[in-house]
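Peer 1: Questions regarding the structure given below will be posed in turn.
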Amino acid sequence: MKNLIIISAFFLVCCKSTNRISIYNYDAKTNEHLITPNNLSLFFEKDNKDVIIFDVNDKVILNEFDNIKESIHLKGISNETINKLGIFYFAFVNEADTIYADYELHYWRYKNKSGFYKSKILEEKIASLKQ
């Protein structure tokens, strides 16, 4: 019984979701590379000087991240239908989940779907981070 309690406590601590969101902002100085569905990995290249990373630890931002994921999952259009559409300026990463957004934070891509979602919360947060 004692071992079961220790294992359960360890599992809860290790598997607890984090409030940390990493926001990758593509701020290209040139139009040499646009980030499209075909090259989303450009956000994560270590030597990409056009990407600014903001680390945010905020439950409100995490809740908005989850709301966007759920909205795209439930209402989004399959990327097979619109696979080549979109130029992305933002990637939001929480643990193993990543969502991508256009410049205005209105058009989103999550896993195999894309759709529209207007986020005043993220608009305000990004504006404050860039100051």
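Peer 1: Any chance you could count how many residues in the range 74-83 are at pLDDT below 90 and part of a helix (DSSP H, G or I)?
Peer 2: Summing the residues that are at pLDDT below 90 and part of a helix (DSSP H, G or I) in the range 74-83 gives 5.
Peer 1: Return the residues of the range 18-61 that are assigned to a loop (DSSP other than H, G, I, E, B), open to solvent by 80 Å² or more (accessible area, probe 1.4 Å) and in contact (Cβ under 8 Å) with a residue 24 or more places away in the chain; say none if nothing qualifies.
Peer 2: Asn38 - this is the single residue of the range 18-61 that is assigned to a loop (DSSP other than H, G, I, E, B), open to solvent by 80 Å² or more (accessible area, probe 1.4 Å) and in contact (Cβ under 8 Å) with a residue 24 or more places away in the chain.
Peer 1: Answer yes or no: is there a residue in the range 62-83 that is surrounded by fewer than 20 Cβ atoms within 10 Å (Cβ to Cβ), under 11 Å from the mean Cα position of the chain (by Cα) and touching a residue at least 24 places away in the same chain (Cβ under 8 Å).
Peer 2: Yes, the range 62-83 contains a residue that is surrounded by fewer than 20 Cβ atoms within 10 Å (Cβ to Cβ), under 11 Å from the mean Cα position of the chain (by Cα) and touching a residue at least 24 places away in the same chain (Cβ under 8 Å).
Peer 1: Another question about this same structure. Can you pull out the residues in the range 84-123 that are in contact with an Asp or Glu (Cβ under 9 Å, 6 or more places away or on another chain), among the acidic types (Asp, Glu) and in a loop (DSSP other than H, G, I, E, B)?
Peer 2: Glu104
Peer 1: Okay, moving on. Take Glu124 and decide whether it is on the phi < 0 side of the Ramachandran plot and open to solvent by 40 Å² or more (accessible area, probe 1.4 Å).
Peer 2: Yes: the conditions hold for Glu124.
The values are calculated or read from the model by the stated rules, or taken from the named source; none is laboratory data. Predicted, not measured: the structure shown is a model, and the values here were computed from it. Every residue, glycine among them, receives a Cβ derived from its backbone with ideal geometry; neighbour counts consider all protein chains shown. We work out accessible area using only protein heavy atoms, side chains counted, and drop any ligands, DNA or RNA first. Shrake-Rupley method; radii C 1.70, N 1.55, O 1.52, S 1.80 Å.
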